[in-house]
1. Would a scan of the range 23-34 turn up a residue that is under 24 Å from I220 (Cα atoms), touching a residue at least 40 places away in the same chain (Cβ under 8 Å) and buried (at least 18 other Cβ atoms within 10 Å of the Cβ)?
2. Taking only pairs six or more apart or across chains, which ones have beta-carbon atoms under 8 Å, a first residue in the range 57-79 that is within 14 Å of D216 (Cα to Cα), and a second residue that is polar (S, T, N, Q) and surrounded by fewer than 24 Cβ atoms within 10 Å (Cβ to Cβ)?
3. What's the total number of residues in the range 120-149 that are surrounded by fewer than 19 Cβ atoms within 10 Å (Cβ to Cβ) and either touching a Phe, Trp or Tyr at 6+ places or on another chain (Cβ under 8 Å) or among the hydrophobic types (A, V, I, L, M, F, W, C) (or both)?
4. So V106 ticks every box in (1) assigned by TED's automatic domain parsing to the domain that holds P14; (2) at positive phi; (3) touching a helix residue (DSSP H, G or I) at 6+ places or on another chain (Cβ under 8 Å) but one. Which box is left unticked?
5. Need the failing condition index for E266 against (1) surrounded by fewer than 17 Cβ atoms within 10 Å (Cβ to Cβ); (2) acidic (D, E); (3) touching a helix residue (DSSP H, G or I) at 6+ places or on another chain (Cβ under 7 Å), just the number.
6. Would you confirm whether any residue within the range 138-153 is among the aromatic types (F, W, Y) and within 26 Å of E250 (Cβ to Cβ)?
7. Evaluate the range 41-49: report whether one residue or more is touching a residue at least 24 places away in the same chain (Cβ under 8 Å) and closer than 27 Å to R86 by Cβ.
8. Here are D226, D212: which of them is closer than 28 Å to Y83 by Cβ, among the charged types (D, E, K, R) and under 14 Å from the mean Cα position of the chain (by Cα)?
Amino acid sequence: MRRVGLIAGSGAFPALFARAAASQGLEVVCVAHRGETDPALESLVSRLTWIELGQIGKLIGAMKGAGVSEVVFAGGISKQTMYRARPDLKAVLLLAKLRDRSDDAVLRALAGELEANGVRVVNPADFLTDCLARKGRLAGPEPSNEQLKDVAFGMRLAREIGRLDIGQTVVVKTRAVVAVEAMEGTDRCIERAGKLCGPGAVVAKACKPIQDIRFDLPAIGPQTIDTMARAGAAVLAVEAGKTIVLEGEELAGRATAAGISVLAVED
């Protein structure tokens with residue numbers, strides 16, 4: 001049986017990947033992060049090792065010990081956890097080589113360390129082609145012409161903040177920037193926008209142009225829709241072919257019920 005490693009963070013993405021890989025006849029060996037990864041993931045994989053964030057030596061040892069030659073990253077790590085991390089010696093040496101500690105720089109360095117130890121990092125989307133957003137309206141009502149103008153405006157800005165490695169999400173209204181995602185994450189960005197501008201905002205989420213697509217692909221799910229509904233946001237725009245859609249049927253149902261348009265657009 002082909003074996004694949006899973007480095008799991010928070011959210012629904014690790015479980016989605018584990019189920020998809022198992023359905024393809026793959027054995028999944030997982031390293032999970034305490035305080036971030038859902039413990040229920042343990043029932044979906046053949047082997048699971050818990051680590052604290054920053055225990056890179058233990059992470060690599062678990063994958064090599066299980067005979068894993070390829071691994072995927074799935075799920076996020078909160079910035080609060082990152083600032084509380086106690087890195088081991090291998091992590092300290094790795095971080096010391098970096099010019100900055102942006103998400104992209106840290107993940108690329110970790111991928112390089114894994115590959116130096118014979119564990120190739122691969123794109124999780126290769127196992128999840130049915131979960132990638134397809135171009136067009138995914139759920140909800142047809143957006144108005146004014147909303148489509150905001151979509152184009154917001155996606156252009158989302159790609160620009162991504163180029164600077166700031167975040168993936170921008171919230172706009174009537175061609176004005178309301179909120180930009182940074183360390184707080186997408187949900188907190190949307191909540192802040194709702195307090196600032198009231199109902200009717202457009203949420204644009206894009207893959208960073210500089211991004212290594214093996215990790216940190218944009219993802220949306222039912223929780224995104226629930227957050228938008230509470231904030232009064234009207235439209236969610238993502239990039240077709242570059243966004244993971246978690247629990248697609250549930251997302252579509254909640255979006256339709258809330259009157260939120262969900263669009264996948266191309267660059």
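1. Among the residues of the range 23-34, at least one is under 24 Å from I220 (Cα atoms), touching a residue at least 40 places away in the same chain (Cβ under 8 Å) and buried (at least 18 other Cβ atoms within 10 Å of the Cβ), which makes the answer yes.
2. V72/N123; G75/S10; G76/S10; I77/S10; S78/S10
3. Here is the first cut: in the range 120-149, the ones surrounded by fewer than 19 Cβ atoms within 10 Å (Cβ to Cβ) are 120, 122-123, 125-126, 129-130, 132, 134-137, 141-142, 144-146, 148-149.
Adding the requirement that they be either touching a Phe, Trp or Tyr at 6+ places or on another chain (Cβ under 8 Å) or among the hydrophobic types (A, V, I, L, M, F, W, C) (or both) leaves 122, 125, 132, 148.
Going through the range 120-149 one residue at a time, the tally reaches 4.
4. Unmet condition: (2).
5. (3)
6. no
7. For the range 41-49, residues touching a residue at least 24 places away in the same chain (Cβ under 8 Å) and closer than 27 Å to R86 by Cβ: present.
8. Values: D226 fails: under 14 Å from the mean Cα position of the chain (by Cα).
Selected residue: D212, the only one of D226, D212 that is closer than 28 Å to Y83 by Cβ, among the charged types (D, E, K, R) and under 14 Å from the mean Cα position of the chain (by Cα).
The values are calculated or read from the model by the stated rules, or taken from the named source; none is laboratory data. Owing to the predicted nature of the structure, the values given are computational and were not obtained by experimental measurement. Note that we place each Cβ from the backbone using ideal geometry, even for glycine, and neighbour counts take in every protein chain shown.
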